Structures are given as C-alpha cells and as structure tokens.
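Take a look at the structure set out below.
The values are calculated or read from the model by the stated rules, or taken from the named source; none is laboratory data. The model shown is predicted, which means the values in this text are computed figures rather than measured ones. Cβ atoms come from the backbone with ideal geometry, glycine included; neighbour counts cover every protein chain shown.
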C-alpha cells in the first residue's frame, strides 16, 4: 500500500490534501466537515484583527474553467474567532492551520499573538491584501512588505509560518525568496489571479467589487509553473494550490515541487467527495507506477535539470 | 471543464412577464426560464439586481407557462425586486439546493407567513392527492395565496391568524397538536420563522411523524463553498434548504443561532 502520509513544516499529515483558505473555513463546524471528508489538514478562513462583513453580492461568478470571487474577507474578527475555534481545536484530529491577514506587519502579529494559545498547528499568512501604507499595492506584490510581515509574525510566535503567495507579480521567485529570508517555514503557491467578468446584458462587471480573484482549472498551469519555479530556487517546502480537481492535477503539483496540496474551487465540481476521490486515485497511481512513498514524487519533474 | 449542469451557475438575464399582488407586502414575479421550469419544490434561485445585491429566493411557482418567485419587502434588495414591473430585467442563476422529498401517504403542510412560498409548488405538485394545509399569519391580509389555496383545497385548508381576523386565533403550533391527535399523517412539510419550525418539529417528534423543513440562512455564494450559510456542519444552500427532522436532531444551533454576514454567531430573533 503506497504511503501518502507526509510531514510538512513539522505537521504530520495522514495525506497531503487540505482545503484552500476561504473554502468552508468560516466556523469550527465547517472545518470539522472538511476534516470528516478526509482532508489531511484543514485551513481556516482568513482571520483579521477586526470583523468584516465582506462585499455585497454578487461575490462569486462562474466563468469558463473557473470561478471569480470577491468575497471581501468576511470574518468575525480575531476575538470572535477565539471563541469560535476553541471547541473545534480540542476535538479535531487533523492539524488546523489558521489563515491570517492584515494590512500591516503589526496587524498580522496582533492576530497571531491573540490566537497563539489556541491549538492551531501553523499559520498561513494571506498577503493578498492591500498594504495600508502603499495604496493600490498588495503586501504580496512587494518583497520588502512580505519580508517585514514574516519577520514580525515569526517574532510573535514559535509556530510554523507559511506564506500564501500572490501570483499577481512579475517575479514570484523574488517574493518567495523574501519570505524565506525572513524566516518563513513554508509557502503556499498560489492565491487567486486578479480577474474580471463583464455582464454584457447589463453592461457592467458582475462582481459588486468589480475585480475579483480567478481560481479553478483555468489557473492550474500558472500555479504549477509558480511551484516549479519557486522549487528551483527556494529550499523551504511548498504547498501547491490552484485548480486541482483530480488526482492527476495533484500529481502534477507534487512533481513540480509541492509537498502537499490545497483544494478550493475543485469542491464546486465534485463537492466534498473530492478528498476521498483524490486519495483513491493517487494511491492507485502510485501502486501502478511502483512508488512506495509520496516523497518519491516530489520534485520529480526537476530530475532532468538536476542531472550532473 | 464546467460545473455539473450546463449554465446553472452562469447569470441569465430574465424579463418579468407578469406580477401578482399577493398581499400589501408580497408580490409574485413571474418569468420564463428553462432551468427553473425544471426546478423541484423547495429549491431556490439567486436573484441579481445589478448595482444593488444578489439574494436567494425560493421558487414559488413552477408552471407550464411561467416560473416565479414571491418576494416580501423587508429590505433594500427585496424592495427593489418588489418594485419590478412587466418587462423589467434581472439576473438569475440556479435553481439551487435540494428539494422536498415527497413521501407516499397523507401529507400535512405547515406554513407561516411568507414561508408558504416554497410550499406552494409542493402543494401544486401533490395535485389530486390533496394535502391538508395548516397556514398561519399575523393577520388575515398576510395569509399568502389564500384565495387560490382555498379554491384548490377547500376544507383541507386550515388557517390561523394571531389577531383572529380570519380562521382560528393563535399560532399554527397551537393548532398542530390538536390536528395530529385527530388525524395521522405520513409526513409534515413546513416552512416559516425558525422558532415556528422548531416548535413544529418538537410536536412532530412527540407524535412520531416524519417531517421536513425548509430553513433560511444568510446565503452568499449559493454554491456550498464559502460557508456563510452554515448551521453547525450543514450548508443550507447545498445540503439544504430542506432538512429532515432526523438530520436536525443533533444540530444545536437550530432554533437558536445563525451566522451574521461576518460569520459571527448571533441569536435568532424571536
């Protein structure tokens, strides 16, 4: 029986699958639902210092091969999150990763400090947020900003820190390097791609916030490329994310350099059965190809380049 | 690669064909839509008023010619839908959610106020197997679809009003136990304020009758992804909105809490 368990940033995972942040992570019960569906770890909805209602609807729109969303980071704020997740964290049997966001390094560290006493296994920093000091720029679009945020959070906690990178940059390896230099324990690649849909019947963007993030199969080749490029230059582990809807997609990400993967929009097409489906397909593939451990798949596609 | 059903999630533009003034605060909006014409009783659609909001609405009419929603104006978005006239256009996606599972046998329908909206297509679907309908409202004016239901059901329609202006004075939950003592029913289908539903299920449980209820929560994506509409571990937009009495047994928040738009747990208003 092929072994698909793996350890990433110190987290012992029974399988390499997680939900992507923002998919069903709003409450403790919803995370438990994902855990019960077979995920090896679960990731919360991004928690911020203050409560946010999010954007008015429409906040999602399906497009060819994907989904556009501009939810607007709805979350009850860190104080309510403390209450909300406390119960779950006592009873859940898989690692729970807290996604956190902020508009400045201070914001991120305030949140991390407040929830540090809870049983979250790691933090995933959502840097696809506007930088409070630099208008129009996301933290994840600026290497210095990423560095400062990671430094600040690393000094606030001893738990593993992952950075979820934005693909809306000209050089994602530079961003990955900044995170690694600042002490990040791992990376998630990638978040959504900035995108828009215009409704030609009403002559306006469909999303109330106009621009949103594209996810799903449409972005998979971009995500795989990002993981591959980052994996060439960076040593810390990568969690792949972007358009995974089948075990074959997951294998691409492992081969590109990912140690684990996240599934978000895939749940739209296959609902929560997707975790069991991918586990089944992955183990069958590994058995057929005579891979004994998941480790053997990771970075396999780099093999050619790294022959001496 | 697209979702399971073609174009289910893509916004269609629909044109209002007819409007019906049901009460002073409720209007039925009729339109044509191929996907909605195949909707099952209990399902809902996401109605988009461009520039304003996109909200869930139960399908209240599934006919040969038209399909429809019945809107009660309670806020900005519902008021905008209420104000739609013939030939007005709005955006639509869906239908979403599961539907009432129709069991064979004597059926009892329990509706409170605008909760009658998703129940009406169920009543129509049962056709000649006329169900008993117990319908309540605050006052006579708010008994939704009263005239057409009276014509269709005759003495099978029992109404209650809180102020006694029509039918029996009181709440449906006052009458329900007496009804269940007199007659045995295979299944109760209910929709209305959640506290009414909680009461209904308590009574159904006491009399050991099967029951299915239509729940309402703040719905954002409507696709089962964002979790905004969850009640404990259940997604109202995807696992529901119809839930059986058994599936709600261990759902602690039922009748007590819901999530506000930020995801914070808040008490359900009386």
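Looking only at the stretch B:42-58, count every residue that is assigned to a strand (DSSP E or B) and facing another protein chain (nearest Cβ under 8 Å) and tell me the total.
Number satisfying all stated conditions: 5.
Output yes when any residue across the stretch A:197-212 is farther than 30 Å from residue A:155 by Cβ and away from chain B (no Cβ under 14 Å), and no when none is.
Residues of the stretch A:197-212 farther than 30 Å from residue A:155 by Cβ: A:197-212.
Checking the rest, the ones that are also away from chain B (no Cβ under 14 Å) come to A:211.
Yes, the stretch A:197-212 contains at least one residue that is farther than 30 Å from residue A:155 by Cβ and away from chain B (no Cβ under 14 Å).
Considering only residues of the stretch B:1-22 that are under 24 Å from the mean Cα position of the chain (by Cα) and within 7 Å of another protein chain (Cβ to nearest Cβ), which is modelled with the lowest pLDDT?
Within the stretch B:1-22, the match that is modelled with the lowest pLDDT is B:10.
Over 19 Å from residue A:74 (Cα atoms), within 14 Å of chain A (Cβ to nearest Cβ) and in contact (Cβ under 8 Å) with a residue 12 or more places away in the chain: is that true of residue B:209 in this structure?
So residue B:209 does not fit the description; no.
Looking at residue A:34, is it assigned to a helix (DSSP H, G or I), surrounded by 24 or more Cβ atoms within 10 Å (Cβ to Cβ) and more than 9 Å from every other protein chain (Cβ to nearest Cβ)?
yes
Wholly within the stretch A:101-206, which strands (runs of 3 or more DSSP E) include no fewer than the required count, namely at least 3 residues that are touching a helix residue (DSSP H, G or I) at 6+ places or on another chain (Cβ under 6 Å)?
A:161-165
Which condition breaks for residue B:144 when tested against (1) over 21 Å from residue B:61 (Cβ atoms); (2) touching a residue at least 60 places away in the same chain (Cβ under 8 Å)?
All conditions pass for residue B:144, except number (1).
Please give the helices (runs of 4 or more DSSP H) falling wholly within the stretch B:71-158 in which 3 or more residues are crowded, with 23+ Cβ neighbours inside 10 Å.
B:116-126
Got a sec? Which of B:133, B:172, B:159 is within 23 Å of residue B:43 (Cβ to Cβ) and touching a residue at least 12 places away in the same chain (Cβ under 8 Å)?
Criteria check complete, one pass: B:133.
Out of the residues in the stretch B:213-223 meeting the condition of being in a loop (DSSP other than H, G, I, E, B) and more than 7 Å from every other protein chain (Cβ to nearest Cβ), tell me which one is farthest from residue B:249 (Cα to Cα).
We begin by selecting, within the stretch B:213-223, every residue in a loop (DSSP other than H, G, I, E, B); these are B:215-223.
Then drop every residue that is not more than 7 Å from every other protein chain (Cβ to nearest Cβ), which leaves B:215-219, B:222.
Details: B:215: 14, B:216: 17, B:217: 18, B:218: 21, B:219: 22, B:222: 24 Å.
Per the criteria, the residue is B:222.
With respect to residue A:66, is the statement that it is crowded, with 23+ Cβ neighbours inside 10 Å, under 22 Å from residue A:272 (Cα atoms) and more than 7 Å from chain B (Cβ to nearest Cβ) true?
Here the answer is yes, as residue A:66 does meet what is asked.
List the number of the failed condition for residue B:264; all other conditions in (1) within 14 Å of chain A (Cβ to nearest Cβ); (2) touching a helix residue (DSSP H, G or I) at 6+ places or on another chain (Cβ under 7 Å); (3) farther than 18 Å from residue A:74 by Cβ hold.
(3)
It is to be established whether one or more residues within the stretch A:50-57 are at positive phi and in contact with a helix residue (DSSP H, G or I) (Cβ under 7 Å, 6 or more places away or on another chain).
no
Out of all the residues in the stretch B:233-246, is one or more surrounded by 16 or more Cβ atoms within 10 Å (Cβ to Cβ), on the phi > 0 side of the Ramachandran plot and under 20 Å from the mean Cα position of the chain (by Cα)?
Checked against the condition, which is being surrounded by 16 or more Cβ atoms within 10 Å (Cβ to Cβ), on the phi > 0 side of the Ramachandran plot and under 20 Å from the mean Cα position of the chain (by Cα), the stretch B:233-246 yields no hits at all.
Would it be correct to say that residue A:1 is out of contact with any helix residue (DSSP H, G or I) (no Cβ under 8 Å at 6 or more places or on another chain) and either modelled with pLDDT under 95 or within 11 Å of another protein chain (Cβ to nearest Cβ) (or both)? Show your work before the answer.
Details: out of contact with any helix residue (DSSP H, G or I) (no Cβ under 8 Å at 6 or more places or on another chain): no; either modelled with pLDDT under 95 or within 11 Å of another protein chain (Cβ to nearest Cβ) (or both): yes.
For residue A:1, the condition - out of contact with any helix residue (DSSP H, G or I) (no Cβ under 8 Å at 6 or more places or on another chain) and either modelled with pLDDT under 95 or within 11 Å of another protein chain (Cβ to nearest Cβ) (or both) - is not met.
Look at the stretch A:4-26 and say how many of its residues are without any contact (Cβ under 8 Å) to a residue 60 or more places away in the chain and within 14 Å of chain B (Cβ to nearest Cβ).
1
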